[in-house]
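Engineer: The structure that follows is given in the form of structure tokens.
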Amino acid sequence: MCGIIGYIGEKPAAPILIEGLKRLEYRGYDSAGLATVSPVLAVVKVVGKVAGLEAYKNTAGTLGIGHTRWATHGEPSERNAHPHCSRMVAVVHNGIIENHEQLKRELSAEGVVFRSETDTEVLPHLISRALHSGADSLETAVVSALAKIDGAYAIAVASSDYPNELVAACNSSPLVIGIGERELYLASDELALAGKVSAVVHVHDGEVVTLKRNGSYTFRGVALADVSARLEEPALHEEISKDGHAHFMHKEILEQPQTMRNVLAGRLREGMPVTFGGLSSEIEGRLRDARRVMLVGCGTSLFAAMAVRDLFERVSGVMCEAEQAAEFSYRSPILSSQDVVVGISQSGETADTLKAMLLAKERHALCLGVTNRVGSTLSKRVRQGIYLHAGPEIAVASTKAFTAQATVLSLLALRVAELRGAAAPVWIQKGLGILPKLLQESLAEEERIKALAYRHANAKRMILIGRGSGVALALEGALKVREVAYMDAHGLSAAELKHGTLALVEKGVPVIALMPQGRTGLRDKMLSNLEEVKARGGDVLPFEAKPGLPEELVPIVLAPMVQLLAYHLGVARGVDVDRPRNLAKSVTVE
Ligand code: BG6
């Protein structure tokens, strides 16, 4: 996934583009570039993070486009960085052009010379070709170029032949327009515009937009009144600042008690049925009669689904499965209209999850979404869904979204139980109701966990073990340690240790034990597994919640502890924990 930005107005564009790209860096950060029209077209590109563009902040021009990249086609390099150009046309693109090989052959046969290895470069050549074969405007040329491509895209186009306009378009890739004081912006994410605009409009799939220097804008084929009806309040600036924390990841971990209050607000109320504004009675009827609920996602979203699966079945009485989205799409699952498939994605843009939902739709399952992003592709693709209300998550490694996703899915299980006339178990309602307080108590362990992280910062590897729904948290914790500390880490069921992974345990290997509560007998099993570890010299480090909690809520309550462990390990090992290498906040390619 990449980030694109655009500006047209009276101020110098370059510094505005650079600052906007910094806010979009969570989307990809292996190379960056910008183009301005002043009225000559100036293009600059760098390998590495956006900060490298600071050297070009005095590039002239009050109109421009910019890009920060997560390489899909062609290694991170200056020639593969965006913008890509053809004659006087410059293009930035987020997405994938699936038929770029065939278009490249067609254009090369006409004498076009390609400078990069990217799929994107076909776009400026197609637009420039259309302009030279009589297109009456930049917008018309863009429309004719888009008619030839297959794939997902959000693009912005600038041309020195059209110094008073910018053209943009999207299909299965997010794009938002920002309206300022005699200036207009475009971006992959409204977060990049927070504090700069008075209103935003999300661009719908297939729409082409032209932004004019006089502050006017047109959505091709859409009446202005209809566009005005889609104007929304922009995100708040403070939502994207670190608020004094050293890293977004630390801020987002410590925000969880408040995030949890937002997740529960208006949904879980004493003596009232669980309420989801986004689910109609027709959809609730299908949920009531569902034969099976399948939760699909990737990365942390998958582990949130796995953490809730047992609870979902126990509380709702409906069969529930948690599936890796990418494998789900290729294993040809047996599905029918009696099945409900829930796509779980913080960003709502992860291609593997979107593909799984397309398959579920083709097989007539009821498709629902759980996402944190209003206007995301997932929210547009499914029948209905539930927003997390967790606020923007900027650090690449997902933290607060994990506890929010697991809680929303637990609430959904409660709602299904209610719809099926089963009395919702009080213990789970009570447990969910006090989650903000329980998360606060887990965060109070930070100093102990930080000391532990520094003590083990140079360990060869780390092992995290759990039982029951704690296994999902062990998997999530290990993912976090790999993501932000670059340490070899394994997450598994403590019972599985003796079937192989115990071979990795030797003197000093830290083994994080996510302790089950006492009631289910799992705790005793865990204690004997730990004896096997101690006997091999492993350094057992127990993480546990206070007693008396429903077993199924332990993964949510202990999550901040494993997140803080990974965070402090990463900081101790000098990793850029907000922007770990080779990763992106969500991946829009399969
Ligand atoms: C990865 C992120 O790219 O995608 C992970 O680095 C995330 O943090 C995963 O869990 C899935 O993303 P999403 O947005 O679909 O939940």
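Engineer: Per-residue accessible area for Arg420 at 1.4 Å probe radius, Å² rounded to 10?
Structural biologist: Approximately 100 Å² of Arg420 is accessible to the 1.4 Å probe.
Engineer: Sticking with this one: In the structure displayed, which of Lys507/Lys585; Lys507/Lys546; Lys49/Lys355; Lys57/Lys380; Lys49/Lys361 lie more than 32 Å apart, Cα to Cα?
Structural biologist: Working: Lys507/Lys585 36 Å; Lys507/Lys546 29 Å; Lys49/Lys355 30 Å; Lys57/Lys380 37 Å; Lys49/Lys361 39 Å.
Listed pairs above 32 Å: Lys507/Lys585; Lys57/Lys380; Lys49/Lys361.
Engineer: OK, next. So with the 1.4 Å probe, I'd like the accessible area per residue for the chain, rounded to whole Å².
Structural biologist: Values: 21580 Å² over 590 residues.
Value for the chain: 37 Å² per residue.
Engineer: Between the stretch 124-196 and the stretch 533-561, how far is it from one alpha carbon centroid to the other, in angstrom?
Structural biologist: Measuring centre to centre over Cα atoms gives 51 Å.
Engineer: Return the percentage of antiparallel bridges among DSSP beta bridges fully within the chain, rounded to the nearest 5 %.
Structural biologist: Numbers: 58 of 94 bridges.
That works out to approximately 60 percent antiparallel.
Engineer: Moving to a separate point now. Please report the carbon-and-sulfur percent of the accessible area for the stretch 3-228; probe 1.4 Å, protein heavy atoms only, DNA, RNA and ligands left out.
Structural biologist: Numbers: 4080 of 7850 Å².
Of the solvent-accessible surface of the stretch 3-228, carbon and sulfur hold 52 percent.
Engineer: Over the chain, calculate the relative contact order: mean separation of alpha carbon pairs under 8 Å at least 6 apart, over the residue count, as a percent. Working shown, then result.
Structural biologist: Details: 1360 pairs, mean separation 70.4, N = 590.
Relative CO of the chain lands at 12 percent.
Engineer: Could you let me know the centre-to-centre spacing of the stretch 265-338 and the stretch 339-400, using Cα atoms, in angstrom?
Structural biologist: 12
Engineer: Please list His204, His73 in order of solvent-accessible area, largest first, computed with a 1.4 Å probe with all protein chains present.
Structural biologist: Of His204, His73, the descending order of accessible area is His204, His73.
Engineer: Going by average Cβ neighbours within 10 Å, how do the peptides 180-188, 350-358 rank, with the highest at the top? Can you show the working numbers first?
Structural biologist: On the way: 180-188: 22.2, 350-358: 24.2.
Ranked from most to least packed, the peptides come out as 350-358, 180-188.
Engineer: Could you look at the stretch 248-572 and say what percent of its accessible area is carbon and sulfur, using a 1.4 Å probe and all protein chains? Provide the component values of the computation, followed by the final result.
Structural biologist: Numbers: 6150 of 11560 Å².
The C+S portion of the solvent-accessible surface of the stretch 248-572 is 53 percent.
Engineer: Among all the lysines, which ones have a C-alpha under 17 Å from Lys196's C-alpha, if same-chain residues fewer than 8 places away are not counted?
Structural biologist: Lys196 reaches Lys11, Lys22.
Engineer: Still on this structure: If Lys and Arg each add +1 and Asp and Glu each add -1, what is the summed charge of the other residues whose beta carbon sits under 13 Å from the beta carbon of Ser31?
Structural biologist: Details: positive: Arg27, Lys45, Lys49, Arg69, Arg79; negative: Glu25, Asp30, Glu75, Glu78, Glu117.
Charge balance near Ser31 sits at 0.
The values are calculated or read from the model by the stated rules, or taken from the named source; none is laboratory data. These numbers come from a predicted model, not from an experiment. Reconstructed Cβ throughout: ideal geometry from the backbone, glycine too, with neighbour counts over all protein chains shown. Heads up: the accessible areas ignore ligands, DNA and RNA and are worked out on the full protein's heavy atoms, side chains in. Shrake-Rupley method; radii C 1.70, N 1.55, O 1.52, S 1.80 Å.
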